[in-house]
Structure formats: structure tokens, C-alpha cells
1. What's the total number of residues in the range 262-278 that are open to solvent by less than 30 Å² (accessible area, probe 1.4 Å) and assigned to a helix (DSSP H, G or I)?
2. Which of the residues that make up the range 524-545 are touching a residue at least 24 places away in the same chain (Cβ under 8 Å), over 20 Å from Gln571 (Cα atoms) and open to solvent by 60 Å² or more (accessible area, probe 1.4 Å)?
3. Would you confirm, using the coordinates I've provided, whether Ala412 is in a helix (DSSP H, G or I), closer than 22 Å to Ala219 by Cα and open to solvent by less than 10 Å² (accessible area, probe 1.4 Å)?
4. I'm checking my understanding of the structure. Among residues of the range 221-261 that are part of a loop (DSSP other than H, G, I, E, B) and small (Gly, Ala, Ser), which one is most open to solvent (accessible area, probe 1.4 Å)?
5. Among the residues that make up the range 485-493, is at least one of them under 50 Å from the mean Cα position of the chain (by Cα) and surrounded by fewer than 14 Cβ atoms within 10 Å (Cβ to Cβ)?
6. Taking the criterion of being in contact (Cβ under 8 Å) with a residue 40 or more places away in the chain, in contact with a Leu (Cβ under 7 Å, 6 or more places away or on another chain) and under 30 Å from Gln380 (Cβ atoms), would at least one residue in the range 119-132 satisfy it?
7. What number of residues within the range 552-571 satisfy the criterion of being in contact with a His (Cβ under 8 Å, 6 or more places away or on another chain), among the β-branched types (Val, Ile, Thr) and modelled with pLDDT of 90 or more?
8. I need every pair where a residue in the range 25-42 that is more than 16 Å from Ala124 (Cα to Cα) has its Cβ under 8 Å from the Cβ of a residue that is in a helix (DSSP H, G or I) and of a type in the set (D, E, K, R), sequence separation at least 6 or different chains.
Amino acid sequence: MLGRPLASKELCHQRLSKKVALAVFSSDALSSVAYATEEILIVLMLAGTGALNLSLPIALAIAFLLLILIISYSETIQAYPSGGGAYIVAKENLGKYPGLIAGASLLIDYVLTVAVSSASGVAAITSAFPLLYPYSVALCLSCIFLVTLINLRGVKESGVVFAVPTYLFIISFSAMILWGFYQYFKGGAHEQLFQQASGSLGMVNAFLLLRAFSSGCTALTGVEAISNGVPAFRAPEPRNAITTLVWMGFILLILFLGITELARFYQIAPLERETVVSQLAGQVFGHGFFYYLLQVSTALILLLAANTSFSDFPRLSSLIARDGFLPRQLASLGDRLAFSNGIISLGLAAGFLIVLFQANVHALIPLYAVGVFISFTLSQSGMVMHWFREKGKGWIYRIFINGLGALATALATLVIGSTKFTHGAWMVIVFIPFMIFIFLTIRHHYDSLSPQLSPKDFTVDPPKLHRVLIPLSAYHKGAVRALAYAKSISNDVRAVYVALDPDRTERFIDIWKEWGQGVQLVILESEYRSIVEPLVDYIDALKREETDQLITVVLPEFVPAKWWQQILHNQTALLIRGMLHFKKNVVVTSVRHFLEY
């Protein structure tokens, strides 16, 4: 199901062409046009339907910010051809803590991207098929599972899979925009609708406009993905990455402004159970074949937009893990040359958010974009410091470009944080310091390992006493093997039997007198019918008798011939092993007897 394992030497063949990379790294940014306009309109609706005409100026302001980011990240790619993510740039140029803030912000944003994308994709499906609306959460979880599975197969394979939906989305949306504008300039049947839908206009204030702007800034999430994934491109990596970034920026700009203007022309207002894109497609195409084609392409790109996060979250978490701020399991490539542990972690975290917020896009959106704009600001500020220190060719121009990017994204961060704070953004702002605390705690643990594990000046004297305990529930071939092994490593061997039933206990004592080979049998009473706790208490009592001793617990186990037969037997040995794992000077070993059928 996950495909064949890939050898390390095949890594170079997993590099992406520009066309495939556009699908892998741009699906998040491009898909945001399916809901960014709607988020602007939802806020403007608070001032009445007449305020919907203000959507275009707000979209133009967001488009200007997009142009600044595209130019700024082009400079970042040139400076960091090995991958210039916000974490690396901020850590190297601003210090450890700004780097950790950028890293935490991006990790949170990547999780939210998966949750928002899947919820929006399912919303597109339920808009076309309302009967599916009650099953939104289950559909979202199924989609996240599917995308996780595809990504576990490897970067190149997932890119090829996602290329078709991405380009279908671009073509179908472009067709809707062109046909919609054709009708607009032609002055067709919808002209009368536009003239009549003036709507009412309530109180429009600066705060409302800023809040609408912050909601629309979700269109810019994912812009940094290409600069994070430069090593995934074919050679020459920086040039191909910059070309793909420009392609993505141009397409995103056209689609976002086109959708916003068409929604303004047709006076589309947000509805609870139907998306703005669905309403717009119905107005432009009617509810025929092209309507359903666009809805399917929208659903696919939104569901697969999570692929951008599945590409960048594991890569970023591996970098942070290599620096010792996350578990080391996240730093290693899996056998499909993908960071499998990071992919699985992202899928689980996004699934948790879907269940927590019941797949409600409008509940998730306020949490969205805060983290990514914090990382934008830190990345661009770090680039300013980078050019100032390097002072290479054109450094003043580059400082101006990245400085403008830092200023613009810092202002956007303040706007987003302040306008969305009471609507849920406070959770992200609070969670970032908590994640940094986790980072530092993990790093402290790793830093403390070296001195504790160093063998320098460390000697171990043999213990004065070595006792061996064999927990038994019955006398069988496995017990005979365990008994033989125990007698070969110690002269102090004791069989331990936990008494749960008086009759069975008496029968076992009689058996042991005949077959016990002179080994002492210890009977432990269990008041509450537990097997493990009396054994642990007995071991603790032995340790109190002599501090300088080693206790080996030999577990006799039989292994069924077929894997499914294992579930027919209790897992007492596993429980004992787990309970004794943290006991000092206690060794647990298994002696296995293999069954033949």
C-alpha cells in the first residue's frame, strides 16, 4: 500500500520538476482563493450587503502584499539555496529564540492548513451535495487519512498524484473567470441582476475594514513553502525554485482578484451551507456539467492543498529535531525517502483539530494566518540582517526589498492579531510560547544525556547478589526452557506463582514438587486478583533486603505459529515488562518457545 522501499542512492531521482513542484508546493496558496474572498465578504456583511463592493479594494491591498512577498522570497531563495525557511533564516541571523518562534509559528500554521483545507474541500462537496453535510467530520478525517497515506509513499509519487487536480483547478477557475468577465463586458443576462443588487449599507469603520483585510490574508498562506523546499527541486535548484515561485504568484494574483471581482459583480453574499465559489459557479455556468466540474476541482485542490503542509511540516520538524528541539525520530528519512514520522504526526494533529472544531471552516479560519505572518516577519527581518552582514553585490537594494517585506508583514501581523484575537487567534498566540517551552525542555533533556552517558571514568563492579525470578502461571515446555536458562546464569533462582484460585494453586504446588528440579517456589497472594502488582511488590521487598544486587526476571513465553493466534492469549508478559521497565537494577528477558501449528 505504501509502495516499494527506496534506497538512499535514489534520492536524486526523487527531485521535482518545476511543473510537478508547482503542484506540490503551491496547492496550499492556490487553493486559498476558494475561501479567501468568502472570508472577506463574511466580515463586510456585518455592515450590510452594500459593503460587499469594498471587497475589491481590500483584495488589491492583499495583492500588493503578495507582490512584496514574492520579490522578498526570491531574494531568500538566492541567499539560502539549501532551503531558506523562516526557522533557518531567523535562527542564523536573529538568534535562537526568534528561530524557535518562527519554527513554532510555522508548525502550527501547517497543522491549521491541513485542517482548513480539508474542511473547505468537504464544504465544497456538501455545497453541491447537501445530503452529505451531516457527515462533514467523517469526510474530513477520511481525506486527511488519504493524503497522509499518499505522502507516505514518497515526495515524487505524491507530487505526480497531486499535479492533475492542481492543474484542473487552475484551468476550471480560469475558465469561470474568463466566461464570467465575458458576460460582464458583453452585458448579458446578469447585467440586470448587478444593477438591482445595490443592497443596504450600514456602519463601515476602519476596524471592520482591517478585520476583512486580515481574513483575506489567508490567501497568502503557503507563499513561503517554495523557499522552504528548495532542495526538493531539480538542478539548478535556486533558479527553478524562483521560476516556480513567480508562476505561483502570478496565478494566485489572477485567480484571487478575478474571483473577488466576479463575486462583487454578481453581488454574491455568504451562505451557511453553500460556499461563495459554488454560488458564483452557479451564476456563471448554471447547475450543469461545468458547475459540477468546478466544484469537484475545488474540492480536490482544497483537500490536496494539505500536501503543501505534508511537504514542509516534516522537513521543518526534521530541521528542528536535528537541532535537538524536537524528538530525534522526526529527523530521519523513512524507507520511502520521506520524513514518515513527521507526516504521521501532522495527520494526527490535523485530525484532532477537525474533531475539536467539528470541521467548521469559519471556526478554524480565525486561528489561521497568525502563525504564518509571524514567520513572514521574522524571515524577512532575518534577511535584512543577512544582507547587512554580508554586504555583497547589490546589498542595499536587497536590504530595501526584504526590509519592505518585513515592514509590510509586521503591519499585517498586528492587524491580523488584533482583529482576530477575540475570535480565536488568542489560542495560537498563547500556544506559541507553550511550544517554545516544549522545545527548550526537549533540548535540555538531550543536553543532559551526554554527561550522563559518557563512559569516561565510569566503572561497574559486579553486584554482590544476582537473583533470578521466573513468573509462572502453568508448567509447560516454555517454563522448562526458562528454568534451564535461569539456572545457567545464577545459583539463586526462584519460581514465582501468583495465587488467584486455591484449587489451581494446590495443583501447581504438587506439579512443582515433581518437576521443579529443586528450585524454590514462592507463592504470592493476590487480594484483588492482579497478577502484576504482587510480583512488583515482591521485587521491591527483595531490593530492600540487599541494595547491591541484580534481579533478572525471566519471562517464559510461547509464540503461536500464526500472527492472529496471538490475540487469543493474554499479554501478561507484556504487562510485566512494562511495569518493570522503570525499575532500577531489574533486568527483564524473555525465553520463547515456538509452537508449530
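1. 6
2. Glu525 - this is the single residue of the range 524-545 that is touching a residue at least 24 places away in the same chain (Cβ under 8 Å), over 20 Å from Gln571 (Cα atoms) and open to solvent by 60 Å² or more (accessible area, probe 1.4 Å).
3. It is true that Ala412 is in a helix (DSSP H, G or I), closer than 22 Å to Ala219 by Cα and open to solvent by less than 10 Å² (accessible area, probe 1.4 Å).
4. To start, the set of residues in the range 221-261 that are part of a loop (DSSP other than H, G, I, E, B) comprises 221-224, 229, 234-236.
Restricting the remaining residues to those that are small (Gly, Ala, Ser) gives 222, 229, 235.
Details: Gly222: 0, Gly229: 0, Ala235: 78 Å².
Among those residues, the one meeting the criterion is Ala235.
5. Checked against the condition, which is being under 50 Å from the mean Cα position of the chain (by Cα) and surrounded by fewer than 14 Cβ atoms within 10 Å (Cβ to Cβ), the range 485-493 yields at least one hit.
6. Within the range 119-132, the first condition is being in contact (Cβ under 8 Å) with a residue 40 or more places away in the chain, and the residues that meet it are 119-128, 130.
Okay, now just the ones that are also in contact with a Leu (Cβ under 7 Å, 6 or more places away or on another chain), so 119-122, 124-126.
So of that shortlist, the ones also under 30 Å from Gln380 (Cβ atoms) come out as 119-120.
Yes - at least one qualifying residue is present in the range 119-132.
7. Residues flagged as in contact with a His (Cβ under 8 Å, 6 or more places away or on another chain), among the β-branched types (Val, Ile, Thr) and modelled with pLDDT of 90 or more within the range 552-571 amount to 1.
8. Qualifying pairs under 8 Å: Phe25/Asp312.
The values are calculated or read from the model by the stated rules, or taken from the named source; none is laboratory data. As the structure is a prediction and not an experimental result, all values here were calculated from the model. Because the Cβ atoms are built from the backbone with ideal geometry, glycine has one as well, and the counts that use them run over all protein chains shown. Just so you know, the surface numbers come from the protein's heavy atoms only, side chains and all, with ligands and any DNA or RNA stripped out. Shrake-Rupley method; radii C 1.70, N 1.55, O 1.52, S 1.80 Å.
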